Amino acid sequence: MRLGSHYSPEVLAKIIEARRKQQRSRESVLASVRAATAAWKGKHHSPESKLKMSEATKGKKRSDETRHKISEAARHRTIATRYNMSEAQKGKHLSPEHKLKLSEIFRGRNTTLETRRKMSEAQKGPKHWNWKGGVLPRNRSSVEYNEWRRRVFKRDYHTCQRCDVHGGHLRAHHIVGWVVDPSKRYEVANGITLCILCHRKEHRGKRQKVA
């Protein structure tokens with residue numbers, strides 16, 4: 001009977017104000033969420049519906065308050081929730097088109113050294129997913145180590161300094177050992193670029209060129 005009818009702005013404002021004043025209990029909200037989840041369980045959006053949803057949200061930016069709420073909600077997920085999310089994603093693969101879109105989005109983006117250091121600090125020690133309570137003799141995932149390694153390769157033009165092989169699987173070798181003198185760990189002058197075979201021979205005490 002009211003199909004196609006529209007409320008006036010005054011009536012809409014009154015309805016919105018009345019709904020704001022209604023205080024729903026936590027149990028009532030959870031019951032509504034459970035009912036909605038049960039109703040949608042097993043249902044999937046059509047490709048056309050997904051495209052419309054994507055177009056509707058394209059270019060929109062969430063406010064800082066909304067982003068903070070999402071972050072807090074994700075932070076307090078239970079182990080069971082995280083397990084269910086993991087199980088739901090198992091076996092799924094990104095389509096070539098999706099991979100291409102992600103590649104286009106992140107192409108040309110260079111994270112600063114400070115950002116990389118923060119990302120490294122956020123995953124160090126007990127914060128890392130594979131933390132086992134020990135201390136590795138060399139942290140190959142640290143920003144400082146990766147930066148030292150990159151600079152050594154760049155100085156040597158990505159070429160093995162023993163057999164002149166260019167590119168491939170190279171190693172940045174410490175001339176003065178990592179444990180011998182910690183003060184020289186990140187000195188570029190203390191590094192040398194070697195291929196895998198020459199690196200193995202270096203650790204065996206053999207420095208002759210590979211035949």
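Within the range 178-190, residues that are among the hydroxyl-bearing types (Ser, Thr, Tyr) and surrounded by 15 or more Cβ atoms within 10 Å (Cβ to Cβ) sit with their Cβ atoms under 7 Å from residues that are at pLDDT 90 or above and in a helix (DSSP H, G or I), at 6+ positions apart or across chains, in these pairs: 186/148. In the range 21-70, the residue that is farthest from the chain's Cα centre (by Cα) out of those that are farther than 28 Å from residue 101 by Cα and in a loop (DSSP other than H, G, I, E, B) is 22. Just one of (1) free of Cβ contacts under 8 Å to residues at least 24 places away in the same chain; (2) surrounded by 10 or more Cβ atoms within 10 Å (Cβ to Cβ); (3) closer than 30 Å to residue 151 by Cβ fails for residue 117. It is (1).
For the condition surrounded by fewer than 10 Cβ atoms within 10 Å (Cβ to Cβ) and among the aliphatic types (A, V, I, L, M), residue 105 qualifies.
Any residue that is in contact with a Phe, Trp or Tyr (Cβ under 7 Å, 6 or more places away or on another chain) and on the phi < 0 side of the Ramachandran plot - is there at least one of those in the range 172-179? Within the range 172-179 (the criterion being in contact with a Phe, Trp or Tyr (Cβ under 7 Å, 6 or more places away or on another chain) and on the phi < 0 side of the Ramachandran plot), the answer is yes, since at least one residue qualifies.
I'd like to know if the range 4-13 contains one or more residues that are at pLDDT below 75 and either of a type in the set (Ser, Thr, Tyr) or assigned to a helix (DSSP H, G or I) (or both). Looking through the range 4-13, at least one residue is at pLDDT below 75 and either of a type in the set (Ser, Thr, Tyr) or assigned to a helix (DSSP H, G or I) (or both). For residue 60, indicate whether it is surrounded by fewer than 10 Cβ atoms within 10 Å (Cβ to Cβ), of a type in the set (Lys, Arg) and free of Cβ contacts under 8 Å to residues at least 12 places away in the same chain. Against the criterion (surrounded by fewer than 10 Cβ atoms within 10 Å (Cβ to Cβ), of a type in the set (Lys, Arg) and free of Cβ contacts under 8 Å to residues at least 12 places away in the same chain), residue 60 qualifies.
The values are calculated or read from the model by the stated rules, or taken from the named source; none is laboratory data. Predicted, not measured: the structure shown is a model, and the values here were computed from it. Reconstructed Cβ throughout: ideal geometry from the backbone, glycine too, with neighbour counts over all protein chains shown.
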